[in-house]
Every structure is written in C-alpha cells, then in structure tokens.
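As structure tokens, the structure follows; a few thoughts come after it.
Nothing in this text is a laboratory measurement; each read-out follows from the coordinates by a stated rule. Computed from a predicted structure; not experimentally measured. Here the Cβ positions follow ideal geometry from the backbone for every residue, glycine too, while neighbour counts run over all protein chains shown.
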Amino acid sequence: MTDFLQLFFSGLATGAIYALAALGFTLLWQASGTINFAQGEFVMLPAFAMLAFMSFGAPLAVSFVLTIAVAVGVLGWAFKRGLVDPLLKYGMMPIVVATIGLSIAMRNGVRAAYSAEAQPFPSLFPDKLFNVAGVTITMGDLGTFVLAVAIVLATQAFLVKTVTGRAMQAVAQNTESASVLGINVPRMVFYTFAINAALAVAAALLVTPTYLAKFDMGESLGSKAFFAAIIGGFNNSRGALVGGLIVGVAENLAAAYISPAYKDAVALVIFMVVILFKPQGLLGKKEERKV
C-alpha cells in the first residue's frame, strides 16, 4: 500500500504538468478552433530560453519573467499572425500539418543551435523530503503539484469570473454573436494565444528540473498532453486537469506494476477507452465540430 501511495503522489505531480500543457490545447481549440501539435515544443523552447537568460547571469525568477515576455511575443503573437491566421481560412488540416512541421523545425533548430545533450536545470523547490505515514514525498513533487494545480484553477477562475475571461468564452461559443455584442474578437483570440504561451513557460519551469532540458523533451510531453486534453474533454478547461492527473498517475502505476516498457503507451490506451465509451471526454460537452 505504501508503494502504491508513493507512486500515486509522484504521478499527481507529473499529471499536473501534463494538465498545464493540456490546458493550452483546450484554450486554443475553444477560442479559435485551432489544434497546435507543436504544444510540446512550446514547452521545450522556453526551457532553453530560461537557460540562455541564466547564462548571462539572470536569476531564475528574472529569467522566468523575461521568458514569458518573449514567449507571448513569439509563441503567442507571432505564431497566431504568422501561421494560424493565414491558414485558418483553409480549414483545420493545413494548421495540423503546419504545426507538425513547426514542431520538427523547432526540435532540429534547438539541437543545431544549442546542443543535442541534455542540460541540467535548477529546481524551483528545495531538496527536501516529507515522510507521511511511511510515504516519502519530495518537496519538488509536492510543490510542482500544488503550483501546477493552482495555475490551472487560476486560469479557470479568470475565464469564469472576469469580464475579459467571459468575453473570451463568448468568442469561443459564437464568434459572430460576440462581435455583434461589441467584443473585440481578434483581441480576445490573441489573449488566448498569449495565455497559452505563458502556461507553456510555467510548464517548462516545473518539468525541466526533473526531465532536463532536451531538444526532444516536448515530443512525449506534447502527445501526452494532447491525450490528456481529449480524455478530460477537449472543450472543457477543467477536463484538462482531470485528464492530466489521470494520465500521470496511470503511467506511474503501469510502469511499476506491469512494465516500464508500457509507460508511454498508457495515455494512448486510456484515450482509446474514453473515446469508445464517451467521445466528448469525461467532462466534455457534445458539440457538432469534431477533433
């Protein structure tokens, strides 16, 4: 039982990071009908950006803030204006193909410009252990889980309880009606892309100390976050949290009790089961458009 709880709590921390990346999928889909298959690389790139700022002597906190500013400009505004806006009028498939190509280009670009070797990354939390009823919990796992869940819930509260957040939801539900009501639709859509960029930086800050900064770190993270978003409900931001936690815990248990070789396949198996019995996801709502 102790081993089970150990794996469970460790999986929650990993799952919370998946939830952060998955939230980006759901936000972009709701606001603009966009699926970004470079989402994992949107987490990888800020990790190297923070390392670059720290190499010039900037503390971790300052590097984090600077990286958010750069990410909002590059992964938010430039991504929207340079790739999504020109292709969106041609339908979903060109965007899917373009973002897959973008992910490959980003991985190879970082490998060529920086390094193919894994780079260490400083942890946000002290190296401390807690022992609760025989279960050892690291400060890193606890802090990662608490902070990631707090960010997801804060994003949800922003969308529900603020004027800007409600305007973004109105745009997601019906663009034409939102425009008639006087809502600046392009601005609301940009806010969604900017929030997605900021969430990617936060995910990079939390995941990189454990998994190290690698040019291909986003490949696995992006696919698991995508599955998590669908499992929880692609049109429900709270579903991203549920899906992420389910995937994180399940893959930890599968690696321990079945085989480590099956760890990366767990998300796919859960995804297939959920799609068969509840295509809209666990918390998702039925709608006409399909993912």
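A simple packing score, the average count of other Cβ atoms within 10 Å per residue, orders the peptides 97-108, 68-79, 123-134, 227-238 as 227-238, 68-79, 97-108, 123-134, with the highest score first.
Since only Ala203, Ser32, Phe145 are under comparison, the one whose Cα sits farthest along the positive direction of the charge dipole of the chain, derived from C-beta charges on Lys, Arg, Asp and Glu, is Ser32. For the range 14-219, dividing the convex hull volume of the Cα atoms by the residue count gives 128 Å³ per residue. Placing unit charges on the Cβ atoms of the charged side chains and taking the dipole of the range 218-291 about its Cα centre, the candidate lying farthest along the positive direction among Val273, Ser237, Gly248 is Ser237. When the Cα positions of Ser179, Gly134, Thr67 are compared along the charge dipole of the range 14-219, Ser179 comes out farthest toward the positive end, with charges on each C-beta of Lys, Arg, Asp and Glu. The lysine pair count for the range 14-219, using Cα distances under 27 Å and pairs eight or more places apart or on different chains, is 4.
Starting from the coordinates of the alpha-carbon atoms of the range 91-157, obtain the Kirkwood hydrodynamic radius over all distinct pairs and give the value in Å to one decimal.
16.0
Simple point charges give the picture: +1 on the Cβ of Lys and Arg, -1 on the Cβ of Asp and Glu, and for the chain a dipole about the Cα centre of about 700 debye.
Computed from phi, the 3J(HN,Hα) profile of the range 185-190 under the Karplus parametrisation 6.51, -1.76, 1.60 (θ = phi - 60°) reads 4, x, 5, 5, 5, 4 Hz, with x in place of Gly and Pro.
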